[in-house]
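First the structure, in the form of C-alpha cells, and then the observations on it.
Each reported figure results from applying straightforward, stated rules to the coordinates on display, with no laboratory input. Please read all numbers here as calculations on a predicted model, not as lab measurements.
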Amino acid sequence: MPSVFTMILQGDLPGTFVWQDERCAAFMSINPIAHGHTLVVPTDEIDHWLDVPLDLQQHLFGVARSIGEAQQRAFGTDRVGLIIAGFDVPHMHIHVIPAQEMSDMDFKNAANSVEQSQLQDAANSITKELDPR
C-alpha cells in the first residue's frame, strides 16, 4: 500500500506544494509545529533515511536548504531546524521548521489541524522567496 506521502505526490490526496522536481517534492505539513513547517520528500518511496542513495540525500538536503533560506526571508526567523524522525510515516522525509529557539522544534507543539488558507498563505510566502537553482 502506498504511503500517505506517495498518495500526495501522485495527486490522490491534496498537498500544498512549494517545490517539485523529478526527484522530490516539498509541501506544507498538515500538522505544523510552526507556521511554514515544510516536508521535503523523495519521489521514490524509501522508508529509512540511511537507505537513501547519497546523491539523492545531497539533492534532498539542497532542496531543504533552499526551503530553509526562503523560510528565513519569508518569516524573519533566526533559525531553521531540520528533523528526520522516520517514525510517523514509512516514507523518508525531512521536516524543515522555522524556529527561534530549541523548544520550537518539539512535536508536542504540532497543530492537530489548520485551515487550508493558513497552509496556502505559508506556501505562498515561501514560494515567493525561493531562490531558483
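Odds and ends about this structure:
- Cα Rg over Rh - the chain, Kirkwood: 0.93
- With contacts taken as Cα pairs under 8 Å and at least 6 residues apart, the chain reaches a relative contact order of 31 percent.
- For the range 1-77, the Kirkwood hydrodynamic radius from C-alpha pairs, put into Stokes-Einstein at 10 °C and a viscosity of 1.306 mPa s, yields a diffusion coefficient of 121 µm² per second.
- Reported to the nearest whole Å, the Cα centre-to-centre distance from the range 61-93 to the range 36-57 is 12.
- Couplings 3J(HN,Hα) of the range 14-27, computed from phi: x, x, 9, 8, 10, 7, 7, 9, 6, 10, 6, 9, 10, 9 Hz, in residue order, whole Hz [Karplus 6.51 cos²θ - 1.76 cosθ + 1.60, θ = phi - 60°; x for Gly and Pro].
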